[in-house]
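None of the figures in this text is laboratory data; all of them are computed from the coordinates on show. Source: prediction; values computed, not measured. Don't worry about glycine lacking a Cβ; one is built from the backbone with ideal geometry, like all the others, and counts go over all protein chains shown.
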Amino acid sequence: MSGAGIWTERFDNPASRRLRDPATTGYVALGLGVFSAFLAIPPIEARSIVWSILVGLVAAFFGLWTAVRGRRRLGIGAIVLGLVGIGLGVLATRSSTGNLEAVFNSSLIAQMFASATPLVFGAIAGMFSERSGVVNIGLEGMMLMGAFWGVYGADVGGSWVVGLLLGAAMGGVLALVLAYFAIHLRADQIVGGTAINFLALGITGYFFFQLYHGNYVPTGVSTIPNVKIPGLSSGSFLGDAIGDLNLMIWAGFVLVIVSYIVVFKTPIGLRIRACGEHPRAADTVGINVYAVRYGCVILSGILVALGGVYLSDGFGGGAFNDNMTAGRGFIALAAMIFGNWRPFGAFGAALLFGLSSAIALRLQVYSASASTLFNVLPYVLTLIAVGGVIGRTVPPAADGKPYQKQ
Amino acid sequence: MSGSDEERPTPPLAQPDEEAASAAGRLAVKHRAGGLIVPVLTALIAFLIGGLVVLATGHNPLLAYRDIFNGAGLNWIFHPTTDIANTAAYNLSQTLLQTTTLILCGLAVAFAFRCGMFNIGGQGQYFIGLYVANWLGWSFSGMAPLPHILIAVVGATLAGAAWAGIAGVMKATVGAHEVISTIMLNWIAIWVGEWLFGDGGPLQNAANKTVPISNDVADSAKLPVFWGQQELQGLHIGFFVAIAALVVFSLILNRTTLGYEVRAVGFNPDAAAYGGISVRKNLVRAMAISGAFAGLAGALDMLGYLYHFGQSDIPVSSVGFLGIAVALLGRNTAVGVGLASLLFGALLFGTTHGLNSNVIAPDLAGNLTYIIQGLVVLFVGADVLILSVWGWRKRIRPKAKPAGTAEAAA
C-alpha cells in the first residue's frame, strides 16, 4: 500500500503492471480506431452503422485514458483516429441507410453538449472533493437535490436565477452533511456518500409529492435560457452545433477552464492538492486541513447541484420526476476517474459519455437494443478501465482517508 | 439484537493500522465499540428525524408511524391468528415476504463487509438472479416441480455469485476498488434488464410483443405457498430458506476455516497474509458468496411471488440498496440482519399499503422509508456521534467522543 489512493488498492504483479502501462491502452486504442473504419467497408461491411461507431468511441475513450496518463501524443492520435473511424464508417454506410441522416447531423453535437453538461459539472465537482481528500460517492444525490430544488425555486421564485441559487444551496447543504460526517466524525466516506444518495432520493421524492402531489409537473416554469450566437443561423453546420446552446453549457466550459487554473495555477489549488496528498504535511506548514476539506466538499455539492438544476430546468424544460438523475452522478464520478482527476481529462470523458448517451437517445426510435448498447457503454468502459488497464498515475494519495488533527 | 456473540471470536490479530484497513475494515473495528446501544439508538434517531420531517410538512408523525405499524401487520402480535382473511395477518404475511428478500440482500452486503469489502452491488446481483430465475422458470415448463425449482434457484444463485465474482476477481488481480466496480455492475445489470425485457429482447413475453414484460414462470417452478394463497401473493417457503441462510451465514463465518480466513482478511489483510492466508483467494470467495445471497434473493422473489418482470419494474426496485442499511444496522451479524430485515420489511410494506391519506399519503410514506434508510446508513457509519449522544445523555462517559476517536484512528 504505497500511497495508492482509495480507488486503486492494487496488488503488484507483472500482468497488472503491463496492463497498467498507458502505452498498452494507447496501442489498443490505435488498433481499434483503424478497425472502426474498416468495419463499414468490404470485406467485413457491417450492415449496421452501430458497430463502427461503437468501436470508434471505444478507441476514443482509450485514447483519452492514455492521453491523461502520460502518453499524450499517442493518446490524442488514438482519439483522432477513433473519431475519423466513426466519420469514415458513417460515410461508407450513408448511402445504404436512409435513417442515418436523422441520427447523425450537426445537431448531434448540440445534443452531445446537452447530455454532457450535467456530467461536466459532476466530474469537476467530484474532482474538487477528491483532490482535497474526500471521496464523494454522494454526487448522484446532490445532483438530484439540485434538480428538484432548482425547479421548485424557479417555480416559486418566478425566475430561473432563483432556481439556480436554491438548487445550488440545497446541494451545498447536503454536501455539508457529508462533510461533517466525513471530516469531523471521521465516518467512512463511502458509507456516508451512500447514505447521502438515499437521503436525497427520499427528500426529493417526499417534497415532490408534498409540494406537487407526485405526478403533477409544473408547467410554465421559468427555464434557463439558451444563448443565441448572432451570425450563426440555424441550418448551417456551426449554427446547429453551437449556435443555440443553453447558458449552462457555456458555463460548464468556463467552469472547466477556471477550475484548471484554480487547481493547478494558484496557491489555493496547491493547498487543496496538499490536503489530498499528504494532509499531515499540509497541517505542519499551517494549512487548515479541515477548513480546506469542508470548503471543497461544499463547493463540490454546489457545483454538482448546478448540473442537476441544468438537468431539470434547462435540459428538461422545467420538469422534474422521481430519481430524475438516473445514474448521471455515477457517470460523472466515472468521468472524473477516466479523466485522471484533472479538469480537461474529466471534460473529455464527460463529452464522450455525453456523445454516447446522445447517440443512444437518437437510436431509440430505430433500434431499442442498439440504443441500450450506447446507454451501457459508459459503465462497461469504466469497468474495463478501472479493472484491466488502470493508468500509471494515481489518484490523490490521501483520497478517502479521514484526517485527525494532533 | 444480541448479535454481539458472533463478534467476539475474532482472530487474535494485530489491530489494523490506518494504512492497511480498508473502508469496511475500519468500520468493522468501530462496530466493536458500541454493542447493542448503537443500532437501537441509530434506528430511534433515524425515526425521530423522519418524524420531524413529517411534522414539518404538516402531518402528525405519531399517527403516521401508528398507521405504518398497523399497515405492516405488526399489530398482529396483539391478536395472533393464522387466518389470512384477517387484515393484520395478511399484512404481516406481506411484511415477511419483504423480510425474506431483505434478509438475503442484507447478508449479501454483510458477508463482503466481514471480509473488508463494501458490496454496493447487491441490487445488480439481485437483478441478475431475478433474470436467470425468470429465464429458467419458464424454459423447462412441464418438468416436475422439485427439480425445476432446484434448477432455477441454483442457476440464479450461481449467476449472482458470478456477477459479484467479477468485482472480486478484479479486486484480487488488479486491485480495482470493489465500490466503483460494483456500482458499474449495478448499472450494467439494469441496462441488461432493459434489453432483455425490451422490444424484441430475448426474455420478452411471446404473447404480446408490444409490452416490455417477460413471460410468467411455469407453474412447476413456482414456490409452494404456506400462508395465504398463491394468487394473492401469499408467503412462500422461501421465507424458511432465508432463515436457513441466516444460520448458514453464521455457521460459515464462525465455525469454518473459510469463515475464519474471510474474517482474518477483513480484519487485517497484511496480518492475514503473514499468517499464510491467501488474501486474493478470500476476496474472490467472499464476493462470490455475497453475490450468491443476492442472487438467491432474486430467485426466491421471482419464483415466490413476482413470476414475471418488466422494464418498468426495474427502476422501482431498491431492495438491494436497502440491504446496505439492513447489514449496517444489523452490524453484519446473522441475528442483527434478521431483526433489521424485519424492521425494514415492515417499513417497506407498511408505507405502501393501507395508509389513511388524511394522515399520510402512501407516496409520502414510501419516500419516508428512503429518508430513514439514508439516516440509518449515515448514523451507523458514524457511531462516534451516536455514542457521544448516549454518553452525553447518561453521563456514563463524559468524554465519549475522544474514546470513540481513539478507536477510529487505532
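Numbers below:
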read-out	value
Environment charge at A:Gly122 (Cβ cut-off 9 Å; Lys +1, Arg +1, Asp -1, Glu -1)	0
Shielding by partners - mean other protein chain Cβ count within 10 Å, residues of B:359-371	5
Sites A:Lys405 and A:Asn321, calculated FRET efficiency, Cβ-Cβ separation with R0 60 Å, nearest 0.05	0.85
Chymotrypsin sites (Phe, Trp or Tyr not before Pro) within the stretch A:160-265: DSSP coil, no more than 11 neighbouring Cβ in 10 Å	A:Tyr216
The stretch A:105-363: Rg to Rh, with Rh as the Kirkwood radius over Cα pairs	0.99
5 Å-binned pair-distance histogram of the stretch A:47-86 (Cα, whole percent)	7, 32, 27, 16, 10, 5, 2, 0
Computed label-point distance, nm, for sites A:Asn226 and B:Ala206 using a 7 Å Cα→Cβ extension	4.9 nm
Per residue convex hull volume, Cα atoms of the stretch A:228-350, in Å³	134 Å³
Kirkwood Rh in Å, taken over the stretch A:286-345 so that all alpha-carbon pairs contribute	13.4 Å
Efficiency of FRET from Cβ geometry, A:Thr219 and B:Ile77, R₀ 35 Å, rounded to 0.05	0.10
